[in-house]
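Take a look at the structure set out below.
The values are calculated or read from the model by the stated rules, or taken from the named source; none is laboratory data. Bear in mind the structure is a predicted one, so any value in this text is a computation, not a measurement. Ideal geometry is used to build each Cβ from the backbone, glycine not excepted, and the neighbour counts take in all protein chains shown. Keep in mind that these areas ignore ligands, DNA and RNA; they rest on the heavy atoms of the full protein, side chains included. Shrake-Rupley method; radii C 1.70, N 1.55, O 1.52, S 1.80 Å.
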Amino acid sequence: MTTVLPETAPGPEAYEAAFDAAVAADERIEPRDWMPDAYRATLVRQIAQHAHSEIIGMQPEANWITRAPSLRRKAILMAKVQDEAGHGLYLYSAAETLGVGRDELLDKLHNGRQKYSSIFNYPTLTWADVGAIGWLVDGAAITNQVPLCRCSYGPYARAMVRVCKEESFHQRQGYELLLELSRGTEEQHAMAQDAVDRWWWPSLMMFGPPDDESAHSAQSMAWKIKRHSNDELRQRFVDICVPQAEALGLTLPDPDLTWNEETGRHDFGAIDWSEFKAVLKGNGPCNEARITQRRRAHEEGAWVRDAAAAYAAKHAPGDDRTNRKEAASR
Ligand code: BYC
(Lines give C-alpha, C1' and ligand atoms only; values in the text may rest on other atoms or scores of the structure.)
Protein backbone atom coordinates (compact mmCIF):
# COMPACT_ATOMS: atom_id res chain seq x y z
CA MET A 1 0.00 0.00 0.00
CA THR A 2 1.34 3.38 -0.95
CA THR A 3 0.66 6.25 1.41
CA VAL A 4 -0.04 9.48 -0.42
CA LEU A 5 0.82 12.54 1.71
CA PRO A 6 -1.41 15.54 1.15
CA GLU A 7 0.28 18.18 -0.97
CA THR A 8 0.04 20.60 1.91
CA ALA A 9 1.96 18.39 4.39
CA PRO A 10 4.49 20.75 6.00
CA GLY A 11 8.15 19.99 5.33
CA PRO A 12 10.96 20.58 7.84
CA GLU A 13 11.47 24.13 6.54
CA ALA A 14 7.89 24.98 7.44
CA TYR A 15 8.41 23.78 11.01
CA GLU A 16 11.60 25.78 11.29
CA ALA A 17 9.91 28.87 9.87
CA ALA A 18 7.05 28.51 12.38
CA PHE A 19 9.59 28.20 15.23
CA ASP A 20 11.56 31.26 14.05
CA ALA A 21 8.34 33.27 13.68
CA ALA A 22 7.18 32.31 17.20
CA VAL A 23 10.54 33.35 18.69
CA ALA A 24 10.52 36.62 16.71
CA ALA A 25 6.98 37.38 17.93
CA ASP A 26 8.00 36.72 21.56
CA GLU A 27 5.66 33.75 21.78
CA ARG A 28 6.46 30.85 24.07
CA ILE A 29 7.76 27.56 22.73
CA GLU A 30 5.98 24.69 24.51
CA PRO A 31 7.12 21.07 25.00
CA ARG A 32 5.07 19.62 22.14
CA ASP A 33 6.08 22.29 19.65
CA TRP A 34 8.71 21.51 17.06
CA MET A 35 12.10 22.97 18.00
CA PRO A 36 15.61 22.69 16.54
CA ASP A 37 17.72 19.95 18.15
CA ALA A 38 20.37 22.51 19.14
CA TYR A 39 17.73 24.67 20.90
CA ARG A 40 16.59 21.62 22.87
CA ALA A 41 20.20 20.68 23.71
CA THR A 42 21.05 24.21 24.88
CA LEU A 43 18.00 24.30 27.12
CA VAL A 44 18.78 20.90 28.62
CA ARG A 45 22.37 22.05 29.29
CA GLN A 46 21.35 25.33 30.92
CA ILE A 47 18.32 24.07 32.86
CA ALA A 48 20.22 21.00 34.13
CA GLN A 49 23.15 23.17 35.21
CA HIS A 50 20.71 25.50 36.93
CA ALA A 51 18.89 22.62 38.71
CA HIS A 52 22.20 21.11 39.84
CA SER A 53 23.27 24.52 41.19
CA GLU A 54 20.14 24.76 43.31
CA ILE A 55 20.65 21.40 44.99
CA ILE A 56 24.42 21.67 45.41
CA GLY A 57 23.75 25.23 46.64
CA MET A 58 21.95 23.78 49.65
CA GLN A 59 25.24 22.48 51.08
CA PRO A 60 27.20 25.62 52.01
CA GLU A 61 24.26 27.11 53.89
CA ALA A 62 22.99 23.87 55.42
CA ASN A 63 26.44 23.76 57.03
CA TRP A 64 25.19 26.50 59.40
CA ILE A 65 21.72 25.21 60.32
CA THR A 66 22.88 23.55 63.53
CA ARG A 67 24.95 26.59 64.49
CA ALA A 68 22.51 29.41 63.70
CA PRO A 69 22.69 31.91 66.60
CA SER A 70 18.95 31.90 67.46
CA LEU A 71 15.79 29.88 66.89
CA ARG A 72 14.50 32.62 64.55
CA ARG A 73 17.65 32.52 62.42
CA LYS A 74 17.57 28.72 62.36
CA ALA A 75 13.94 28.63 61.20
CA ILE A 76 14.65 31.18 58.46
CA LEU A 77 17.73 29.32 57.25
CA MET A 78 15.94 25.96 57.20
CA ALA A 79 13.12 27.48 55.14
CA LYS A 80 15.63 28.98 52.73
CA VAL A 81 17.53 25.74 52.22
CA GLN A 82 14.24 23.91 51.64
CA ASP A 83 13.29 26.55 49.06
CA GLU A 84 16.50 25.75 47.16
CA ALA A 85 15.52 22.07 47.08
CA GLY A 86 12.14 23.12 45.68
CA HIS A 87 13.83 25.22 42.97
CA GLY A 88 15.88 22.19 41.98
CA LEU A 89 12.70 20.14 41.66
CA TYR A 90 10.88 22.71 39.48
CA LEU A 91 13.95 22.90 37.26
CA TYR A 92 14.40 19.12 36.90
CA SER A 93 10.69 18.98 35.97
CA ALA A 94 11.22 21.72 33.37
CA ALA A 95 14.16 19.75 31.93
CA GLU A 96 12.03 16.59 31.81
CA THR A 97 9.57 18.33 29.49
CA LEU A 98 12.43 18.32 26.94
CA GLY A 99 12.60 14.53 26.95
CA VAL A 100 15.46 13.86 29.39
CA GLY A 101 15.07 11.83 32.56
CA ARG A 102 16.02 13.06 36.00
CA ASP A 103 18.17 9.96 36.62
CA GLU A 104 20.18 10.72 33.51
CA LEU A 105 20.74 14.32 34.61
CA LEU A 106 21.78 13.30 38.11
CA ASP A 107 24.18 10.70 36.69
CA LYS A 108 25.77 13.42 34.60
CA LEU A 109 26.14 15.66 37.64
CA HIS A 110 27.66 12.85 39.69
CA ASN A 111 30.17 11.84 37.05
CA GLY A 112 31.16 15.43 36.21
CA ARG A 113 29.64 15.57 32.71
CA GLN A 114 27.33 18.44 33.68
CA LYS A 115 28.29 21.51 35.65
CA TYR A 116 26.84 23.45 38.56
CA SER A 117 27.53 27.08 39.44
CA SER A 118 31.13 27.92 40.34
CA ILE A 119 29.95 29.86 43.40
CA PHE A 120 29.10 26.77 45.43
CA ASN A 121 32.69 25.61 45.49
CA TYR A 122 33.61 28.20 48.14
CA PRO A 123 33.44 27.46 51.88
CA THR A 124 31.12 29.06 54.44
CA LEU A 125 33.63 29.83 57.18
CA THR A 126 31.57 32.00 59.55
CA TRP A 127 27.93 32.80 60.30
CA ALA A 128 28.31 36.05 58.33
CA ASP A 129 28.78 33.95 55.19
CA VAL A 130 25.10 33.03 55.40
CA GLY A 131 24.31 36.76 55.15
CA ALA A 132 26.81 37.34 52.34
CA ILE A 133 25.36 34.43 50.34
CA GLY A 134 21.84 35.81 50.76
CA TRP A 135 22.82 39.36 49.82
CA LEU A 136 25.36 38.70 47.07
CA VAL A 137 24.76 35.17 45.73
CA ASP A 138 20.97 35.35 45.79
CA GLY A 139 21.23 38.96 44.61
CA ALA A 140 23.31 37.87 41.61
CA ALA A 141 20.90 34.99 41.01
CA ILE A 142 17.92 37.37 40.88
CA THR A 143 19.71 39.74 38.51
CA ASN A 144 20.44 36.80 36.20
CA GLN A 145 17.09 35.07 36.57
CA VAL A 146 14.50 37.85 36.37
CA PRO A 147 15.15 38.13 32.59
CA LEU A 148 14.79 34.32 32.37
CA CYS A 149 11.10 34.79 33.32
CA ARG A 150 10.84 35.99 29.69
CA CYS A 151 12.80 33.04 28.28
CA SER A 152 11.33 31.71 25.03
CA TYR A 153 10.82 28.21 26.48
CA GLY A 154 7.52 28.20 28.42
CA PRO A 155 8.19 25.68 31.23
CA TYR A 156 11.55 27.27 32.12
CA ALA A 157 10.13 30.80 32.04
CA ARG A 158 7.19 29.82 34.27
CA ALA A 159 9.43 28.01 36.78
CA MET A 160 11.53 31.18 37.03
CA VAL A 161 8.61 33.33 38.20
CA ARG A 162 8.26 31.50 41.49
CA VAL A 163 12.00 30.98 41.87
CA CYS A 164 12.61 34.74 41.56
CA LYS A 165 9.95 35.59 44.15
CA GLU A 166 11.58 33.23 46.62
CA GLU A 167 15.11 34.39 45.77
CA SER A 168 13.98 37.92 46.44
CA PHE A 169 13.01 36.93 50.00
CA HIS A 170 16.35 35.15 50.36
CA GLN A 171 18.23 38.24 49.26
CA ARG A 172 16.46 40.38 51.84
CA GLN A 173 17.07 37.95 54.70
CA GLY A 174 20.79 37.97 53.83
CA TYR A 175 20.85 41.76 53.70
CA GLU A 176 19.04 42.05 57.03
CA LEU A 177 21.41 39.53 58.64
CA LEU A 178 24.47 41.45 57.43
CA LEU A 179 22.96 44.77 58.54
CA GLU A 180 22.52 43.44 62.07
CA LEU A 181 26.11 42.18 62.15
CA SER A 182 27.44 45.36 60.61
CA ARG A 183 25.72 47.46 63.29
CA GLY A 184 26.72 45.05 66.07
CA THR A 185 29.96 44.78 67.98
CA GLU A 186 33.32 45.52 66.39
CA GLU A 187 33.95 41.78 65.99
CA GLN A 188 30.56 41.26 64.34
CA HIS A 189 31.18 44.15 61.94
CA ALA A 190 34.62 42.69 61.07
CA MET A 191 33.05 39.28 60.48
CA ALA A 192 30.49 40.80 58.06
CA GLN A 193 33.24 42.69 56.22
CA ASP A 194 35.40 39.57 55.96
CA ALA A 195 32.49 37.59 54.46
CA VAL A 196 31.81 40.31 51.87
CA ASP A 197 35.54 40.42 51.04
CA ARG A 198 35.49 36.69 50.27
CA TRP A 199 32.16 36.46 48.40
CA TRP A 200 32.28 39.60 46.24
CA TRP A 201 34.55 38.41 43.41
CA PRO A 202 33.14 34.86 43.17
CA SER A 203 29.64 36.45 42.96
CA LEU A 204 30.74 38.50 39.94
CA MET A 205 32.00 35.28 38.33
CA MET A 206 28.53 33.70 38.65
CA PHE A 207 27.45 35.64 35.54
CA GLY A 208 29.82 33.56 33.41
CA PRO A 209 32.85 34.43 31.28
CA PRO A 210 33.23 37.84 29.62
CA ASP A 211 31.08 38.28 26.51
CA ASP A 212 33.97 37.81 24.09
CA GLU A 213 34.69 34.40 25.64
CA SER A 214 31.10 33.27 26.13
CA ALA A 215 30.59 30.30 23.80
CA HIS A 216 26.80 30.17 23.99
CA SER A 217 25.60 33.74 24.54
CA ALA A 218 25.10 34.88 20.94
CA GLN A 219 23.00 31.87 19.94
CA SER A 220 21.10 31.79 23.24
CA MET A 221 20.24 35.47 22.86
CA ALA A 222 19.11 34.95 19.24
CA TRP A 223 16.77 32.21 20.52
CA LYS A 224 15.65 34.50 23.38
CA ILE A 225 16.70 31.96 25.99
CA LYS A 226 19.04 34.61 27.39
CA ARG A 227 17.84 38.20 27.16
CA HIS A 228 21.07 39.94 28.18
CA SER A 229 24.74 39.13 27.88
CA ASN A 230 26.89 38.00 30.83
CA ASP A 231 28.71 41.35 31.02
CA GLU A 232 25.47 43.37 30.86
CA LEU A 233 24.03 41.50 33.82
CA ARG A 234 27.30 41.68 35.77
CA GLN A 235 27.36 45.46 35.30
CA ARG A 236 23.74 45.74 36.42
CA PHE A 237 24.58 43.75 39.56
CA VAL A 238 27.57 45.96 40.44
CA ASP A 239 25.42 49.09 40.04
CA ILE A 240 22.76 47.63 42.35
CA CYS A 241 25.27 46.55 45.01
CA VAL A 242 27.25 49.76 45.43
CA PRO A 243 24.52 51.80 47.19
CA GLN A 244 23.43 48.73 49.16
CA ALA A 245 26.98 48.25 50.47
CA GLU A 246 27.04 51.90 51.55
CA ALA A 247 23.74 51.47 53.40
CA LEU A 248 25.16 48.38 55.08
CA GLY A 249 28.25 50.27 56.19
CA LEU A 250 30.46 47.70 54.43
CA THR A 251 33.13 48.15 51.76
CA LEU A 252 33.22 46.25 48.49
CA PRO A 253 36.78 44.88 48.13
CA ASP A 254 37.65 46.64 44.88
CA PRO A 255 39.89 49.76 44.96
CA ASP A 256 39.04 50.41 41.27
CA LEU A 257 35.31 50.69 41.88
CA THR A 258 34.33 54.21 40.81
CA TRP A 259 31.32 56.03 39.44
CA ASN A 260 31.70 56.89 35.76
CA GLU A 261 29.84 60.14 34.94
CA GLU A 262 29.99 59.47 31.21
CA THR A 263 28.53 55.98 31.15
CA GLY A 264 26.29 56.53 34.18
CA ARG A 265 27.56 53.22 35.59
CA HIS A 266 30.29 52.00 37.93
CA ASP A 267 33.68 51.03 36.57
CA PHE A 268 35.14 48.08 38.42
CA GLY A 269 38.43 46.21 38.68
CA ALA A 270 39.60 43.23 36.63
CA ILE A 271 38.15 39.85 37.52
CA ASP A 272 40.65 37.03 38.05
CA TRP A 273 39.39 34.70 35.32
CA SER A 274 42.15 32.19 36.04
CA GLU A 275 40.43 31.51 39.38
CA PHE A 276 37.08 31.00 37.60
CA LYS A 277 38.67 28.56 35.13
CA ALA A 278 40.36 26.63 37.94
CA VAL A 279 37.04 26.27 39.79
CA LEU A 280 35.30 25.06 36.60
CA LYS A 281 38.03 22.48 36.13
CA GLY A 282 37.28 21.07 39.56
CA ASN A 283 40.08 22.79 41.46
CA GLY A 284 38.10 25.21 43.63
CA PRO A 285 38.37 25.01 47.43
CA CYS A 286 35.30 22.76 47.86
CA ASN A 287 34.65 21.00 44.52
CA GLU A 288 35.65 17.60 45.85
CA ALA A 289 33.68 17.95 49.10
CA ARG A 290 30.52 19.14 47.33
CA ILE A 291 30.34 16.34 44.80
CA THR A 292 31.30 13.67 47.36
CA GLN A 293 28.51 14.85 49.66
CA ARG A 294 26.03 14.95 46.74
CA ARG A 295 26.87 11.38 45.69
CA ARG A 296 26.56 10.21 49.29
CA ALA A 297 23.17 11.92 49.71
CA HIS A 298 21.98 10.29 46.48
CA GLU A 299 23.10 6.81 47.58
CA GLU A 300 21.61 7.23 51.06
CA GLY A 301 18.32 8.36 49.51
CA ALA A 302 18.01 5.26 47.29
CA TRP A 303 15.55 3.59 49.67
CA VAL A 304 13.23 6.64 49.51
CA ARG A 305 13.19 6.54 45.70
CA ASP A 306 12.60 2.76 45.76
CA ALA A 307 9.75 3.14 48.25
CA ALA A 308 8.14 5.95 46.22
CA ALA A 309 8.41 3.89 43.02
CA ALA A 310 6.93 0.81 44.74
CA TYR A 311 4.06 2.92 46.12
CA ALA A 312 3.37 4.47 42.71
CA ALA A 313 3.39 1.05 41.05
CA LYS A 314 1.00 -0.31 43.68
CA HIS A 315 -1.45 2.52 43.11
CA ALA A 316 -1.11 2.74 39.35
CA PRO A 317 -4.43 2.56 37.46
CA GLY A 318 -5.06 -1.03 36.43
CA ASP A 319 -3.41 -2.47 39.54
CA ASP A 320 -5.70 -5.19 40.88
CA ARG A 321 -5.37 -4.29 44.54
CA THR A 322 -6.11 -0.60 43.86
CA ASN A 323 -9.10 -1.55 41.74
CA ARG A 324 -10.43 -3.89 44.42
CA LYS A 325 -10.05 -1.21 47.09
CA GLU A 326 -11.75 1.38 44.93
CA ALA A 327 -14.59 -1.02 44.11
CA ALA A 328 -15.05 -1.75 47.81
CA SER A 329 -15.29 1.92 48.67
CA ARG A 330 -17.92 2.60 45.99
N1 BYC B 1 29.67 28.34 36.92
O2 BYC B 1 28.89 30.47 27.07
P3 BYC B 1 28.66 30.74 28.50
C4 BYC B 1 21.40 30.03 42.55
C5 BYC B 1 30.04 27.67 31.88
S6 BYC B 1 21.74 28.90 41.40
C7 BYC B 1 29.91 27.22 36.23
O8 BYC B 1 28.57 32.17 28.91
P9 BYC B 1 25.86 30.31 29.06
C10 BYC B 1 21.31 29.70 43.99
C11 BYC B 1 28.90 27.45 30.90
O12 BYC B 1 28.00 26.47 31.40
C13 BYC B 1 22.78 29.78 40.26
N14 BYC B 1 29.95 27.17 34.90
O15 BYC B 1 27.40 29.89 29.00
C16 BYC B 1 21.12 28.43 44.42
C17 BYC B 1 29.65 27.02 29.68
O18 BYC B 1 30.13 25.68 29.82
P19 BYC B 1 29.43 24.43 29.03
C20 BYC B 1 22.80 29.14 38.95
C21 BYC B 1 29.71 28.33 34.23
O22 BYC B 1 25.09 29.09 29.44
C23 BYC B 1 21.11 28.14 45.79
C24 BYC B 1 30.89 27.88 29.73
O25 BYC B 1 31.07 28.25 31.08
N26 BYC B 1 22.13 29.99 37.98
O27 BYC B 1 21.36 31.10 42.13
O28 BYC B 1 25.44 31.04 27.84
C29 BYC B 1 21.32 29.17 46.72
C30 BYC B 1 30.78 29.12 28.86
O31 BYC B 1 29.81 30.05 29.38
C32 BYC B 1 29.42 29.52 34.89
C33 BYC B 1 21.89 29.57 36.74
O34 BYC B 1 22.25 28.46 36.38
C35 BYC B 1 29.41 29.51 36.30
N36 BYC B 1 29.19 30.61 37.04
O37 BYC B 1 25.79 31.36 30.28
C38 BYC B 1 21.49 30.47 46.28
C39 BYC B 1 21.15 30.53 35.85
N40 BYC B 1 29.23 30.49 33.98
O41 BYC B 1 28.00 24.35 29.54
C42 BYC B 1 21.47 30.77 44.90
C43 BYC B 1 20.87 29.98 34.49
C44 BYC B 1 29.42 29.92 32.78
O45 BYC B 1 29.50 24.75 27.58
N46 BYC B 1 22.05 29.94 33.68
N47 BYC B 1 29.71 28.63 32.93
O48 BYC B 1 30.25 23.23 29.44
C49 BYC B 1 22.51 30.98 32.93
O50 BYC B 1 21.96 32.06 32.96
C51 BYC B 1 23.68 30.73 32.05
O52 BYC B 1 23.83 29.34 31.87
C53 BYC B 1 25.01 31.36 32.58
C54 BYC B 1 26.15 30.96 31.59
C55 BYC B 1 24.90 32.86 32.61
C56 BYC B 1 25.37 30.82 33.96
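So the values come out like this:
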read-out: Among (1) open to solvent by less than 20 Å² (accessible area, probe 1.4 Å); (2) away from the ligand (no atom under 16 Å from the Cβ); (3) in a helix (DSSP H, G or I), the one test that Q244 misses; value: (1)
read-out: Checking C164 against (1) within 25 Å of A302 (Cα to Cα); (2) part of a helix (DSSP H, G or I), the condition it does not meet; value: (1)
read-out: The range 63-103, residues that are more than 16 Å from the ligand (Cβ to nearest atom), touching a helix residue (DSSP H, G or I) at 6+ places or on another chain (Cβ under 6 Å) and β-branched (V, I, T); value: T97
read-out: Pairs with Cβ under 9 Å, 6+ apart, first in the range 265-285 and closer than 18 Å to S214 by Cβ and within 12 Å of the ligand (Cβ to nearest atom), second open to solvent by 40 Å² or more (accessible area, probe 1.4 Å) and among the aromatic types (F, W, Y); value: I271/W201; E275/W201
read-out: Filtered residues of the range 295-311 (kept if of a type in the set (G, A, S) and either open to solvent by 100 Å² or more (accessible area, probe 1.4 Å) or within 27 Å of the chain's Cα centre (by Cα) (or both)); value: A297, G301, A302, A308
read-out: Looking only at the range 229-241, and only at residues there that are open to solvent by 40 Å² or more (accessible area, probe 1.4 Å) and touching a residue at least 60 places away in the same chain (Cβ under 8 Å), the one that is farthest from Q193 (Cα to Cα); value: R236
read-out: Residue within the range 48-60 that is farther than 30 Å from D272 by Cβ, at pLDDT 95 or above and not hydrophobic (A, V, I, L, M, F, W, C) present; value: no
read-out: Cross-chain or 6+ apart pairs with Cβ under 7 Å, the range 161-179 first and over 18 Å from W127 (Cβ atoms) and touching a residue at least 12 places away in the same chain (Cβ under 8 Å), then β-branched (V, I, T) and in a helix (DSSP H, G or I); value: C164/I142; E167/I142; S168/I142
read-out: Residue list for the range 137-183, restricted to those being of a type in the set (A, V, I, L, M) and under 14 Å from the mean Cα position of the chain (by Cα); value: V137, A140, A141, I142, V146, L148, A157, A159, M160, V161, V163
read-out: Residue list for the range 225-241, restricted to those being in a helix (DSSP H, G or I) and of a type in the set (D, E, K, R); value: D231, E232, R234, R236, D239
read-out: Qualifying residue in the range 39-62 (condition: more than 13 Å from the ligand (Cβ to nearest atom), more than 26 Å from T126 (Cα to Cα) and in contact with a helix residue (DSSP H, G or I) (Cβ under 7 Å, 6 or more places away or on another chain)); value: no
read-out: Meets criteria (open to solvent by less than 40 Å² (accessible area, probe 1.4 Å), out of contact with any Phe, Trp or Tyr (no Cβ under 7 Å at 6 or more places or on another chain), small (G, A, S) and more than 11 Å from the ligand (Cβ to nearest atom)) for G249; value: no
read-out: Meets criteria (modelled with pLDDT under 95 and away from the ligand (no atom under 12 Å from the Cβ)) for K224; value: no
